Amino acid sequence: MTIAEQEIKKFENSNCAENAVFYQAMEEVIYSIAPLLESDKKYTEHAILERLIVPDRVIKFKVTWLDDSNKIQVNTGYRVQYNNALGPYKGGLRFHPTVNEGVLKFLGFEQILKNSLTGLPIGGAKGGSDFDPKGKSDFEVMKFCTAFMTELHKYIGPRMDVPAGDIGVGSREIGYLFGTYKKVTSKYEGVLTGKPFFFGGSLMRPEATGYGVVYFTQSMLEIEGKESLEGKVCAVSGAGNVAIHAIEKLLQIGALPVTCSDSKGTIYDSRGIDIELLKDIKLNRRASLREYIEVHTEASYTPVEEYPEGGHAVWERECYAAFPCATQNELTETDAQNLINNGCVSVTEGANMPSTPQATELLQKNGVCFGPAKAANAGGVAVSEFEMSQNASMSRWAFEKVDVKLQDTMQKICKRVALTAKDYGVEGNYVDGANIAGFKKVADAMIAEGL
Ligand code: NDP
């Protein structure tokens, strides 16, 4: 049995339905870092994997709130404080009906390695609730956020744990959460990132993840000797924060993003996505993407019910570069095969773990450049850390300064990942490069800090 198999065996009891995505993420990391574990026994001697895979603590709490018809509603809230070897716990909050402990453990575990890759002093965490903001009034969202933070504030702080947004948590929710934190603690401090600019947010935080994904792809294509994105057709999935800003940056650099999708359907517009219309539909009005074709009648809309088995309408389009930016496991093996058949040269993950393990393997085997989420979407958390720095020093950085720092961070992450892969004999494998580089830094800190 290899070291990786021995390590995975230790966690087989945790492979239940609720933990499926967590187990998937953990298995990928352990197989990936096998060359490091084989070459340096100190990581197994110090039981680093056992210590890293079990979160420092999982906080679970009840959230009760009154809806608009004065009915009592009950949800579950969580904060998984995973690892703080490199800095305060840091990671987003997700509000979505699919949220459970397993999903947050998967996201928190990935976050440790992602935050490590940024080179910034931040640990890993994730949190959220099974609350669904969809269809709720602004007032209901506010009341939920108030109830959620009334519990969560006991466990967070600017030097302890600094949450941010994720699916279902944007600047509106962060604003309500921050307002409650302030009220219950009487402290005006940088305890959350992703705040609106006029009360402590960083310029470019909303754009950072999506822009960063494109910056990462530019570096990866350059390192791999491929043609740049300029003038190339791109396929993007999702229509939220990450997807919208990836599309915006692609348009800015002269690429042609032709798709976007939400949970109900996919838009294809061969002339390029109309970014202002997309922002109006999804950010301003929180409406369905179907409205896009009411304005652009020559574009097409494919409702989710029409997707072929195991496939996804976005990935059936011809493209040079693909950007899955919606949710986990949205790009399957069938989708990967479609992309390969259509000549796709690179896939960069904007969402967390959007590609299934089978899809990733197939893409890599077929020579498609593959930028894994924990490296490629780290721009968001990097700018969150810039927001923490600005809050701590009571300063404000210009948009251009943040943009330059973001580009620099993404290029450094990409180069480091590529070099690590080469050093460990897996040149061109950015999944292994990211896992080894991210893991090594956290593991070395854990050893240096003792038990
Ligand atoms: P948002 O809530 O802003 O947007 C998510 C988008 O994905 C929505 O448009 C949603 O549709 C769509 N979507 C959800 N499920 C599906 C599905 N099954 N098929 C197609 N579309 C779907 O979230 P974010 O953009 O913030 O996050 C997207 C991903 O990026 C997540 O994996 C998140 O963890 C990751 N990420 C986010 C960061 C950030 O800074 N925000 C940082 C790093 C990673 P609908 O509008 O119908 O709900």
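A short reminder: the numbers here are calculations on the coordinates, not readings from a lab. Please read all numbers here as calculations on a predicted model, not as lab measurements. We place every Cβ from the backbone using ideal geometry, glycine too, and count neighbours over all the protein chains shown.
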Relative contact order %, the chain, counting alpha carbon pairs below 8 Å whose residues are six or more apart
15
Count the net charge of all other residues whose Cβ sits under 12 Å from the Cβ of Ile244, scoring Lys and Arg as +1 and Asp and Glu as -1.
-3
Mind ranking 187-197, 378-388 by how tightly packed they are, going by the mean number of other C-beta atoms within 10 angstrom, highest first?
378-388, 187-197
Of Pro206, Ser186, Val233, which is farthest along the charge dipole of the chain in the positive direction, counting Lys and Arg as +1 and Asp and Glu as -1 at C-beta?
Ser186
How high is the FRET efficiency between Asp280 and Asn342 when r is their beta carbon distance and R₀ equals 35 Å, given to the nearest 0.05?
0.70
Compare the peptides 148-157, 5-14 by average per-residue count of other Cβ atoms within 10 angstrom and give them in order, highest first.
148-157, 5-14
Please state the charge dipole magnitude for the stretch 106-227, taken about the Cα centre, from unit charges on C-beta atoms (+1 on K and R, -1 on D and E), reported in debye and rounded to the nearest 20.
560
About its Cα centre, the stretch 225-339 carries a charge dipole, from +1 on Lys and Arg Cβ atoms and -1 on Asp and Glu Cβ atoms, whose size in debye to the nearest 20 is 380
Going 7 Å from the Cα of Glu227 toward and past its Cβ, which residues in the stretch 293-331 have a backbone nitrogen under 15 Å from where you end up?
318-322
Show that you can apply the helix-only estimate: for the chain, add -39,500 (n - 2.57) for every DSSP H stretch of four or more residues, divide by all residues, and state [θ] at 222 nm to the nearest 500.
-14000 deg cm²/dmol
Spin-label point model (7 Å from Cα, Cβ direction): what's the Glu18 to Lys71 distance in nm?
2.6
For a protection proxy built on the mean count of beta-carbon atoms within 10 angstrom, sort 233-243, 254-264, 290-300 highest first, please.
233-243, 254-264, 290-300
Under the rule of at least 5 residues apart or a separate chain, name every residue whose amide H is placed under 5 Å from the amide H of Tyr82.
Asp56, Gly124, Ala125, Lys126
Lys, Arg +1 and Asp, Glu -1 on Cβ, resulting dipole of the chain about Cα centre, debye, nearest 20
1760
Counting pairs of alpha carbon atoms under 8 Å apart in space and at least six apart in sequence, what relative contact order in percent does the stretch 50-189 give?
27
Lys and Arg at +1, Asp and Glu at -1: add these up for the other residues within a Cβ distance under 10 Å of Ala34 and post the number.
-4
Output wanted: per-residue J couplings in Hz (rounded whole) for the stretch 231-237, from phi through Karplus 6.51 cos²θ - 1.76 cosθ + 1.60, θ = phi - 60°, x for Gly and Pro.
x, 9, 6, 10, 10, 10, 10
Taking square-rooted eigenvalues a ≥ b ≥ c of the alpha carbon gyration tensor, is the chain rounded, prolate or oblate, where a/c under 1.5 means rounded and, failing that, a/b exceeding b/c means prolate?
rounded
If a helix is a whole DSSP H run, which ones in the chain reach 15 Å or further along their own axis (Cα) and hold a mean Kyte-Doolittle hydropathy of at least -1.0?
20-32, 101-117, 138-152, 171-185, 205-223, 241-252, 379-392, 399-423, 430-449
Short version: ³J(HN,Hα) in whole Hz for each residue of the stretch 193-204, in order, from phi by Karplus 6.51 cos²θ - 1.76 cosθ + 1.60 (θ = phi - 60°), x for Gly and Pro, what are they?
10, x, 6, x, 4, 6, 10, x, x, 8, 4, 6
Under the rule of at least 5 residues apart or a separate chain, name every residue whose amide H is placed under 5 Å from the amide H of Leu203.
Trp397
